[in-house]
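See structure below.
Values quoted throughout were computed directly from the atomic coordinates according to the rules given, and no laboratory measurement underlies them. Nothing here was measured: the structure is a model prediction, and the numbers come from that model. With ideal geometry, Cβ positions are generated from the backbone for all residues, glycine too; neighbour counts draw on all protein chains shown.
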Amino acid sequence: MVHQGTDLIYAGGEYRTAAYDYHRTEPGGDGRVATVMQKRNEFPRGAHSTCRIGIQPDTDFDRYQWTPAQLWEVVREVLTA
């Protein structure tokens, strides 16, 4: 992978990215971060994740493993900390 650029999106900001364009959210302050995403389309290859060399990737990720209410509780916890 080759780093192509950095876009700084402040808290409360919005951005769009194309399917399969890798992106990440850097935590600040206390190291916690919550990113609210809205998928607009489904594509056949599913979600993909990357990790640093020497780190075991989470290959069991399932975006439907928690209910919307559980996910929003995580967001509330991060924002009110």
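Please compute the modelled spin-label separation between Met37 and Arg76, points set 7 Å along Cα→Cβ, answer in nm with one decimal.
Between Arg76 and Met37, the label points sit 2.4 nm apart.
Please report, in debye to the nearest 20, how large the charge dipole of the stretch 39-81 is about its Cα centre when each Lys and Arg carries +1 at its beta carbon and each Asp and Glu carries -1 there. Intermediate values should be presented prior to the final figure.
On the way: 6 positive and 6 negative charges, 51 e Å.
With Lys and Arg at +1 and Asp and Glu at -1, about 240 debye.
Semi-axes, largest first, in whole Å: what does sqrt of 5 times each Cα gyration tensor eigenvalue give for the chain?
Values: eigenvalues 87, 66, 50 Å².
Largest first, the chain gives 21, 18, 16 Å.
Under a Cβ-Cβ cut-off of 13 Å, what is the net charge of the residues other than Tyr64 that fall near it, where Lys and Arg count +1 and Asp and Glu count -1?
Working: positive: Lys39, Arg63; negative: Glu42, Asp60, Asp62.
That sum, taken over residues with Cβ under 13 Å, equals -1.
Which whole-number percentage describes the relative contact order of the chain, with Cα contacts under 8 Å and a sequence gap of 6 or more?
Numbers: 20 pairs, mean separation 24.3, N = 81.
Dividing the mean separation by the residue count of the chain yields 30 percent.
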